[in-house]
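Let me begin by presenting the structure, written as structure tokens, before commenting on it.
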Amino acid sequence: MLGIVIAVAIGYLLGSVPVAQLVARRHGVDLLRVGDGNPGAWNALEQLGPRRALPVFVGDGAKGLLAGLAGLALAGWWGAWAGVAAAMVGHALPVFARFRGGKSVMTFAGGAFVLAPLAAAVCAAVCVALTLLWSFAWGARVAVFGFPVVQLVIDGWERAVTTLWLMAIIGAMFGLARLRPGSAGRATRARGGAPTG
């Protein structure tokens, strides 16, 4: 039990590191004021362009990966799950950024490589293939939302159900974003931000 508590603490603190905001500010961009106002990887991609946003995707994914590995070392698979969940909560409600965070998609993706490495690898391959055939937007969406299905086939329903709980955090953050004042009408691009299409 103590191991899980420590895993949760580590995960939350890792998740609270505002990677997207730190990277964007290096380029003179405040993600809270441009695009959809979300301080996460996707808004960083749209405002900064693929090359400058790459560290955000890597950093946000690393938060989930490291939290999962720490939890795994401390308390086995359930410790890993608790660490990833805490990292996602930390990303969404970061103590280091006034509790204004992103939607935790990339943090979830990074943690998936600890919780279900084979399923995550399959989904990563699907993402790459669809990105090459159509677009990264389609590749990312199919990979993320298809992950529980692939995990169900590979790891069984018990593990797949726990993944749905993690994805509920993502759903909650999308819901909260819709309720945020002014979010529906905001569509500005940062000055100097590179278009991605």
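Looking at region 32-54, which of the residues that are under 19 Å from Gly110 (Cβ atoms) and not in a helix (DSSP H, G or I) is nearest to the chain's Cα centre (by Cα)?
Here is the first cut: in region 32-54, the residues under 19 Å from Gly110 (Cβ atoms) are 38-45, 50, 53-54.
In the following step, the residues that additionally are not in a helix (DSSP H, G or I) were identified as 38-40.
Values: Asn38: 12, Pro39: 11, Gly40: 8 Å.
Within region 32-54, the match that is nearest to the chain's Cα centre (by Cα) is Gly40.
Return the residues of region 16-31 that are of a type in the set (A, V, I, L, M), touching a Leu at 6+ places or on another chain (Cβ under 8 Å) and in a loop (DSSP other than H, G, I, E, B); say none if nothing qualifies.
Val29
For every residue, the table says whether it meets (1) at pLDDT below 95; (2) of a type in the set (Val, Ile, Thr); (3) within 29 Å of Asp30 (Cβ to Cβ).
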residue: Ala70; (1), (2), (3): no, no, no
residue: Ala82; (1), (2), (3): no, no, no
residue: Ala119; (1), (2), (3): no, no, no
residue: Val122; (1), (2), (3): no, yes, no
residue: Phe136; (1), (2), (3): yes, no, yes
residue: Gly156; (1), (2), (3): yes, no, no
residue: Ala160; (1), (2), (3): yes, no, no
residue: Met167; (1), (2), (3): yes, no, yes
residue: Ile170; (1), (2), (3): yes, yes, yes
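Got a number for residues in region 142-158 being over 18 Å from Gly111 (Cβ atoms) and under 18 Å from the mean Cα position of the chain (by Cα)? Please lay out each step first, then the result.
Narrowing region 142-158 to residues over 18 Å from Gly111 (Cβ atoms): 142, 153, 156-157.
Narrowing the set further to residues that are under 18 Å from the mean Cα position of the chain (by Cα) leaves 142.
Qualifying residue count, region 142-158: 1.
For Gly83, indicate whether it is closer than 13 Å to Gly15 by Cα and over 12 Å from the mean Cα position of the chain (by Cα). Can you show your working first?
Working: closer than 13 Å to Gly15 by Cα: yes; over 12 Å from the mean Cα position of the chain (by Cα): yes.
Yes.
Under 7 Å between Cβ atoms, which residue pairs at least 6 apart in sequence (or on different chains) link something in region 1-28 that is touching a residue at least 24 places away in the same chain (Cβ under 8 Å) with a partner that is part of a helix (DSSP H, G or I) and β-branched (Val, Ile, Thr)?
That search, which allows pairs on different chains as well, returns Gly11/Val84; Tyr12/Val89; Gly15/Val89; Gly15/Thr107; Ser16/Val95; Val19/Val56; Ala20/Val56; Val23/Val56.
Go through Ala119, Ala75, Ala85 for me and flag whichever is touching an Asp or Glu at 6+ places or on another chain (Cβ under 8 Å), of a type in the set (A, V, I, L, M, F, W, C), surrounded by 14 or more Cβ atoms within 10 Å (Cβ to Cβ) and assigned to a helix (DSSP H, G or I). Spell out how you get there, then give the answer.
Working: Ala75 fails: touching an Asp or Glu at 6+ places or on another chain (Cβ under 8 Å); Ala85 fails: touching an Asp or Glu at 6+ places or on another chain (Cβ under 8 Å).
Being touching an Asp or Glu at 6+ places or on another chain (Cβ under 8 Å), of a type in the set (A, V, I, L, M, F, W, C), surrounded by 14 or more Cβ atoms within 10 Å (Cβ to Cβ) and assigned to a helix (DSSP H, G or I) holds for just one of Ala119, Ala75, Ala85, which is Ala119.
The values are calculated or read from the model by the stated rules, or taken from the named source; none is laboratory data. Quick caveat: nothing in here was measured; it's all calculated off a predicted structure. When we count neighbours, we look across all protein chains shown, and the Cβ atoms used for this are built from the backbone with ideal geometry, even at glycine.
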